[in-house]
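Below is one structure, written out as structure tokens, with a few remarks after it.
Nothing in this text is a laboratory measurement; each read-out follows from the coordinates by a stated rule. Since the structure is predicted, the reported quantities are computational estimates derived from the model, not experimental observations. As a convention, Cβ positions derive from the backbone with ideal geometry for all residues, glycine included, and neighbour counts pool all protein chains shown.
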Amino acid sequence: MPVPRFSLDQGHSAEIGTGGQTPALRLRALVNLPWAEASTLEVGRSRRTQLEQLLPHSAVAGAVTLLSRRRGAELPAARWERGPFGNSGRSAGYTCAIAGPDGTPAVTTSVMLALPTTTESSVVASADVLIENPEAWAAALGPGWNTQLGLDEVQAVLLAAWETAAELLPDVVGDPASLTWAAPPTTELRITSEQPAHNGVLPVLDALVDLGPLGPNDNGPRPKLAVTITAAPAMDRAERQHLLREALVHMAHAFGYFDAETDVL
């Protein structure tokens, strides 16, 4: 496996599972797993059942629960349902939704694993956290709480989403350690604003995430930040956190935050 490196390249499956969605904010970790034996894999029933049992206790579920807990509310990401991506011997997808008092979706967490298709040769695993509606989330939290995410919270969610997509989801097709690579695996991390305003323009991320620690941006605010990491997906949490910080600095520099350094993350 080569030394980890960073880029802005995206794979064919960068947008997988996003059709029809327009969240105010998406935090995504998508892992491309180009296993040589991918055509022989399948999503087994017993391993699917095991995944269903583990999802409420997963890293991404804990990170989402903590977002509300830090704002004084106990809104756990505990109830996971199949869908909406389709489940079969070649795919697994689950969603956990937290709603506002009137039932409006507020925060949604989704995970998905898809085996290769005619257009994609890699196994793809993803974990997304969507702030669907900040107003609905604020209503669920109670009065006086700010729904803007701190950069530290974004890091915690991306770390947990990456860990879930890289370590938990691949187990649904067997033992990843027994498989060999046909190409270097990659992880795509994204922070995106996707809910257009009335004029059709996407709001800038600064309204949803406090990007102040990254410093000024000479190119102006933007609705999307992304970075791709080429590295083996399995690693301990300390190594993953270190790599995440390096990747976010690379991303920040590429998108105009020239003063960003790892010590502010």
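Listed values, structure above:
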| quantity | calculated |
| --- | --- |
| Label-zone membership for segment 214-257, site D152, 7 angstrom Cα→C-beta point, backbone N under 15 Å | 214 |
| Residues listed by number, segment 221-239, amide nitrogen under 19 Å from V3 label point at 7 Å toward C-beta | 228-233, 239 |
| Gap separating the Cα centres of segment 163-227 and segment 101-127, nearest whole Å | 13 Å |
| From the C-alpha gyration tensor of segment 1-101, square roots of 5λ in Å | 27, 20, 15 |
| Projected area, mean over directions - segment 152-265, Cα convex hull, nm² | 8.7 nm² |
| For the chain: relative contact order, % (alpha-carbon pairs under 8 angstrom, 6 or more apart) | 27 percent |
| Overall Cα dimensions of the chain, principal axis frame, Å, largest first | 51, 43, 37 |
| Under DSSP loop assignment and at most 16 Cβ neighbours within 10 Å, longest trypsin sites (Lys or Arg not before Pro)-free interval of the chain | 91-265 |
